[in-house]
Amino acid sequence: MSILLLLFAPAIFAAYVLIRLQICLSRARYLVDTYGMDRKKLRKLKCGELKELRESIDTLRHANDAFGLEALVRPYRS
């Protein structure tokens, strides 16, 4: 049983890494499509920073703070 685990461990780890990568790319794609942000500027951000950016954008949207939202999004627009 442990031999099978050793054989499948790299495949399981690779699947985990690919899923995390797709989640991160999906977050960036959403920001590009919805807010017109530049992909090159978003590439500099790490996945956790993209998550924080999206959460802060959602918070400002729900608070109806247009000026705060524009100030937050403007540096990342093309």
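Rule-based calculations on the coordinates, nothing more; no lab input. These figures come from a predicted structure and were not determined experimentally. With ideal geometry, Cβ positions are generated from the backbone for all residues, glycine too; neighbour counts draw on all protein chains shown.
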**OP:** Could you list which residues have their amide H under 5 Å from that of MET37, counting only those 5 or more apart in sequence or on another chain, with H placed in the peptide plane?
**Re:** VAL32
**OP:** Would you please give the FRET efficiency between ASP38 and ALA71, computed as 1/(1 + (r/R0)^6) with r the Cβ-Cβ distance and R0 = 25 Å, to the nearest 0.05?
**Re:** 0.90
Original post:
Hey, what angle do you get for helix 2-35 against the long axis of the chain, alpha-carbon based, 0 to 90 degrees rounded to 10?
Top reply: 10 degrees
Subject >> Charged-residue dipole, Cβ positions (Lys, Arg, Asp, Glu), the chain about Cα centre, Debye nearest 20 >> reply: 340 debye
Original post:
Can you list the HN-Hα couplings for region 56-65, worked out from phi with the Karplus curve (6.51, -1.76, 1.60; θ = phi - 60°), rounded to whole Hz and with x for Gly and Pro?
Top reply: 5, 5, 5, 4, 5, 5, 5, 8, 6, 9
**OP:** Could you tally the net charge around GLU70, taking each other residue with its Cβ under 12 Å from the Cβ of GLU70, Lys/Arg +1 and Asp/Glu -1?
**Re:** +2
**OP:** Could you check the simple spin-label distance between ALA9 and ARG54, using points 7 Å along Cα→Cβ, in nm with one decimal?
**Re:** 3.2 nm
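Normalised by the residues of the chain, what does the relative contact order come to in percent, with Cα pairs under 8 Å and at least six apart?
Numbers: 32 pairs, mean separation 24.5, N = 78.
So the answer I get is 31 percent.
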